[in-house]
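Everything below concerns the one structure shown next.
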Amino acid sequence: MNQKLNARTITNKELFYGHKACGGCGEALAVRLAMKVLGERTFASLPAGCMSAVSFIYPNMAFTSNAIITPFASTGAVAAGVAAGLKALGIEDTHSVGFAGDGGTADIGLQALSGAIDRNDDIIYFCNDNEAYMNTGIQKSGLTPYGTRTTTSPAGENLPGSITMKKNMFEIVAAHGIAYAATASIGYLEDFMKKVQKAKDIKGTSYIHVFAPCPTGWGHESNIAVSLAKQAVDCGLWYLAEYENGEFTLNKNPKEFSSVEDYLKVQGRFKHLEDRDIEIIKNHRDTKWKKMRRDWVR
Amino acid sequence: MKRPKVKKWTEPKTIKDYPMGSTCDSDHLTSINAGWRTFRPVINYDKCVNCLRCFLVCPDGVIDKSGEKLEIDYDYCKGCGVCEYECRPRAIDMVKEEK
């Protein structure tokens, strides 16, 4: 299928419906649209995390296709096992997909994901990145950016919240020589759906890292969730890129960044930041973009 | 409206009523989410240009595009307001729910 995916062409049928995620949940939107693109013959594996907690509340089940909750560390392994099982049974035209959060990907599930990529198992792995362990009450993860107030990295007189930068998950995955990897944002949904379609068509492991705001954990109004995700890309704190055939490509290269302050200041988790912290964030962004523009733009 | 519907559910009384193993049917909804809402999105069809932006951005997928006009499934709308915020012709109003 080479049809361009947008609101008009995408199916009206909901494959992830009636879940109990908070109002304005970015992750739920990412899973909903990914399922629409992948279709009904999809087997989803979800570790502990928001998306399994909100969709498997017995006797409620929000997925309309097969889905399983995996041990926290083994999204990649279970999804690979499902793919192997489908192959052994000769069930064709299906997809095995993993939906993990940022903690379940960058910290706890990293080993299983690495193994799956190494074996080049035919799975699609989604990292729904909301930048902390939200399901358990907002603890810092490896993908929490600098200056974020979480319950395990409180902001105070001595520390500005999290003191580490976001782990470079996309490049870690790409360094395996994966078949396809991409970063996306729910602020750019057409781009996200295009990448899901690409991952669907590729044989072998694909990885999509989707940036998804969390109104509850980030402390912002629920109605700005999608526009905040767009703002993150526009101000340079997130980027849209792809890795394919051993090459990186930057999909969006803004001439000028929008205001970082405007992005940070609407979120409760960044309210405490002082000018010097914002300067650190901007410097880190500029270093990163300098490299990306040098190496990823062709 | 083409959206999954609430199914009738009876609490298991004895151990025999429970499913074998830790499994359950998919697409099985026994409760609605309407009670979460403080504000209800209402589409003003005079202003709506049918761009389907609201359909695309709804985290809960409650906006149905199959009919002539867009329809909102109020059983599952949580009133987050993303649709209203994203609507360019400002054709959606958030109206306070009356008890």
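General remarks:
- Qualifying residues in region A:57-82 (those that are farther than 20 Å from residue A:112 by Cβ and touching a strand residue (DSSP E or B) at 6+ places or on another chain (Cβ under 8 Å)) - the one modelled with the lowest pLDDT: A:59
- Within region A:54-67, considering residues that are at the interface with chain B (Cβ under 9 Å from one of its Cβ atoms) and aliphatic (A, V, I, L, M), the one nearest to residue A:97 (Cα to Cα): A:67
- For region B:9-33, a residue qualifies if it is under 18 Å from the mean Cα position of the chain (by Cα) and in contact (Cβ under 8 Å) with a residue 12 or more places away in the chain, and the qualifying residues are B:27, B:28, B:29, B:30, B:31, B:32, B:33.
Condition check ((1) at pLDDT below 95; (2) surrounded by 12 or more Cβ atoms within 10 Å (Cβ to Cβ); (3) within 11 Å of chain A (Cβ to nearest Cβ)) across all residues:
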| site | (1), (2), (3) |
| --- | --- |
| B:3 | yes, yes, yes |
| B:22 | yes, no, yes |
| B:30 | yes, yes, yes |
| B:54 | no, yes, yes |
| B:59 | no, yes, yes |
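- Qualifying position, being surrounded by fewer than 24 Cβ atoms within 10 Å (Cβ to Cβ), more than 14 Å from chain B (Cβ to nearest Cβ) and touching a helix residue (DSSP H, G or I) at 6+ places or on another chain (Cβ under 8 Å), among A:76, A:90, A:115, A:104: A:115
- Residue within region A:178-192 that is surrounded by 18 or more Cβ atoms within 10 Å (Cβ to Cβ), more than 14 Å from chain B (Cβ to nearest Cβ) and assigned to a helix (DSSP H, G or I) present: no
- Residue within region A:221-228 that is in a loop (DSSP other than H, G, I, E, B) and more than 10 Å from chain B (Cβ to nearest Cβ) present: no
- Count of region A:241-283 residues which are buried (at least 16 other Cβ atoms within 10 Å of the Cβ), of a type outside the set (A, V, I, L, M) and in a helix (DSSP H, G or I): 5
- The strands (runs of 3 or more DSSP E) located wholly in region A:18-110 that include 3 or more residues which are more than 14 Å from the chain's Cα centre (by Cα) occupy A:42-46, A:67-69.
- Taking region A:12-43 as the range and being more than 10 Å from every other protein chain (Cβ to nearest Cβ) and touching a helix residue (DSSP H, G or I) at 6+ places or on another chain (Cβ under 9 Å) as the test, the residues that pass are A:34, A:37, A:38, A:39, A:42, A:43.
- Restricting region A:118-139 to residues that are in a strand (DSSP E or B) and more than 15 Å from the chain's Cα centre (by Cα), the residue that is surrounded by the fewest Cβ atoms within 10 Å (Cβ to Cβ) is A:139.
- Criterion (closer than 20 Å to residue A:77 by Cβ and hydrophobic (A, V, I, L, M, F, W, C)) met by exactly one of A:174, A:116: A:116
- Per-region count, region A:173-183, residues within 19 Å of residue A:291 (Cα to Cα), in contact (Cβ under 8 Å) with a residue 12 or more places away in the chain and hydrophobic (A, V, I, L, M, F, W, C): 4
- When region B:62-99 is limited to residues that are within 9 Å of chain A (Cβ to nearest Cβ), without any contact (Cβ under 8 Å) to a residue 24 or more places away in the chain and not charged (D, E, K, R), the one that is surrounded by the fewest Cβ atoms within 10 Å (Cβ to Cβ) turns out to be B:85.
The values are calculated or read from the model by the stated rules, or taken from the named source; none is laboratory data. Values in this document were obtained by computation on a predicted structure and should not be read as measured data. All Cβ positions, glycine included, derive from the backbone under ideal geometry; neighbour counts span all protein chains shown.
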